[in-house]
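Shown next, in structure tokens, is the structure this report addresses.
The values are calculated or read from the model by the stated rules, or taken from the named source; none is laboratory data. Values in this document were obtained by computation on a predicted structure and should not be read as measured data. Reconstructed Cβ throughout: ideal geometry from the backbone, glycine too, with neighbour counts over all protein chains shown. Note: areas computed on protein heavy atoms with side chains; ligands, DNA, RNA excluded. Shrake-Rupley method; radii C 1.70, N 1.55, O 1.52, S 1.80 Å.
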Amino acid sequence: MSRIFSVPVFIIWHHLSVRFLKDMVEPVEKVVRILTEDKPDWVKNLESEKGLKGRVWHRDLPFGNLLVDEEGTIHAFID
């Protein structure tokens, strides 16, 4: 199985304080793979809907927790 979240997986396996999350890696990867590669009909419908854009909403999401490249593309967020 290829690793979708290579950096978080590395962190989970190498830092004892978050090692308890190791059992969550495979189930989360399966969900992400289904939503990004297999794309169920409801995901395809959402993607094709005009004017619908993805959004991240959180009451406590400081800008320092967003991983952004030079072009302004958000690649990840830390919560």
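Residue by residue, here is whether (1) closer than 20 Å to ILE78 by Cβ; (2) surrounded by 10 or more Cβ atoms within 10 Å (Cβ to Cβ); (3) in contact (Cβ under 8 Å) with a residue 24 or more places away in the chain holds:
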| residue | (1), (2), (3) |
| --- | --- |
| ARG19 | yes, yes, no |
| ARG33 | no, yes, yes |
| LYS44 | no, yes, no |
| ARG59 | yes, no, no |
| LEU66 | yes, yes, no |
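Does PHE77 qualify as being open to solvent by 60 Å² or more (accessible area, probe 1.4 Å) and at pLDDT below 80? Taking the combined requirement at face value, the residue satisfies it.
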